[in-house]
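**Q** Quick one: this structure, given as structure tokens, is what I'll be asking you about.
The values are calculated or read from the model by the stated rules, or taken from the named source; none is laboratory data. Nothing here was measured: the structure is a model prediction, and the numbers come from that model. Neighbour counts run over all protein chains shown; Cβ positions are idealised from the backbone, glycine included. In case anyone asks, the SASA skips ligands and DNA or RNA and just uses the protein heavy atoms, side chains included. Shrake-Rupley method; radii C 1.70, N 1.55, O 1.52, S 1.80 Å.
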Amino acid sequence: MKNTPPVKRRVLNRDKLEADIVAEAVRVFAECGYEGTSIATIADNLGMSKQNLMYYFPSKQALYQRVLDDVLDEWLDRMEHLADPGKDPEDVLRTYIQAKLKFSREQPYASRVYAMEVISGAPLYGLQIRERVVPLLRKDIEVFERWSAEGRIAPVNATHLLFAIWAMTQSYADFATQMALVLDRKALTRKDFDDAEQLITNMVLAAVRNGMSIQRG
């Protein structure tokens with residue numbers, strides 16, 4: 001096996017170090033919030049100097065932006081798959097709910113950082129949300145409306161359906177501590193997520209199946 005060229009090795013090392021910095025930043029931002037987090041704390045936790053960390057991320061806001069970009073990239077990729085008019089609507093929704101809960105289970109800190117930003121009014125990330133989330137949301141809504149017009153799903157307010165899916169799935173990251181306290185355990189288990197997936201999926205599919213939507217009188 002040939003040795004890795006020095007230039008490629010340096011790139012790999014840089015990528016790994018950046019990933020390590022982002023991973024620690026996610027945890028600290030989730031626990032302390034943006035205002036309560038310092039670059040010095042993140043650097044100290046990683047055993048590196050503040051100056052060294054700032055070589056990769058020149059400011060706290062740049063690091064925060066990277067953390068939120070990574071979260072949004074993952075979520076928007078899922079939304080891209082959601083807006084596929086050629087697939088079976090129920091299969092698409094099942095897969096989407098499963099993916100959202102998997103993210104909450106595997107990356108709870110990332111979800112919490114995003115939630116904290118939004119709850120505070122998105123002062124540092126509102127523009128990105130408007131520019132990236134809104135167009136894709138509209139695309140998804142168009143697909144739902146097409147499915148409804150074709151009789152493949154019941155008439156449904158697609159915007160609020162997606163809001164409900166986001167709220168239900170992301171709460172298993174953002175409010176996991178409260179849930180664990182109610183369940184009298186240290187943390188949510190894989191079974192908790194499996195049970196949540198089954199319930200949320202059943203509720204969502206019931207809302208989109210023809211003949212099962214509730215009409216307001």
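**Q** Determine the relative contact order of the chain: mean sequence separation of Cα pairs under 8 Å and six or more apart, normalised by residue count, in whole percent.
**A** On the way: 173 pairs, mean separation 45.0, N = 217.
Dividing the mean separation by the residue count of the chain yields 21 percent.
**Q** Mind pulling the angle between the C-alpha long axis of helix 108-119 and the longest principal axis of the chain? Nearest 10 degrees, somewhere in 0 to 90.
**A** For 108-119 against the chain, the angle is about 80 degrees.
**Q** Could you tell me the calculated FRET efficiency between Q65 and T95, based on Cβ-Cβ distance and R0 = 41 angstrom, to the nearest 0.05? Can you show the working numbers first?
**A** On the way: r = 29 Å, r/R0 = 0.71.
That gives a FRET efficiency of 0.90.
**Q** Of G33, G121, Q61, which is farthest on the positive side of the dipole of the chain, counting Cα position, with +1 on Lys and Arg Cβ, -1 on Asp and Glu Cβ, and the Cα centre as origin?
**A** In the chain, that residue is Q61.
**Q** Starting from the 7 Å offset along Cα-to-Cβ, what nm value, one decimal, do you get for the label separation of D77 and T159?
**A** According to this spin-label approximation, the distance is 2.9 nm.
**Q** Quick one: what do you get for region 108-217 if you divide its Cα Rg by 2.2 N^0.38 Å?
**A** Numbers: Rg = 16.7 Å, N = 110, 2.2 N^0.38 = 13.1 Å.
Normalised by 2.2 N^0.38 Å, the Cα Rg of region 108-217 equals 1.27.
**Q** In the chain, with Lys and Arg counted as +1 and Asp and Glu as -1 at Cβ, which of these residues, V204, T159, L136, has the Cα nearest the positive end of the dipole, that is, farthest along it?
**A** Most positive-ward Cα: L136.
**Q** Here is the link list: K87/K191; K60/K100; K50/K186; K16/K100; K16/K102; K60/K102. Which ones come out longer than 32 Å on Cα distance?
**A** K50/K186
**Q** Okay, next question. Round to a whole angstrom and tell me the spacing of the C-alpha centers of region 83-98 and region 191-211.
**A** After rounding, the separation between the Cα centres reads 13 Å.
**Q** Could you sort E31, E18 by their accessible area in this structure, using a 1.4 Å probe and putting the largest first?
**A** Details: E31 110, E18 30 Å².
Solvent-accessible surface, decreasing: E31, E18.
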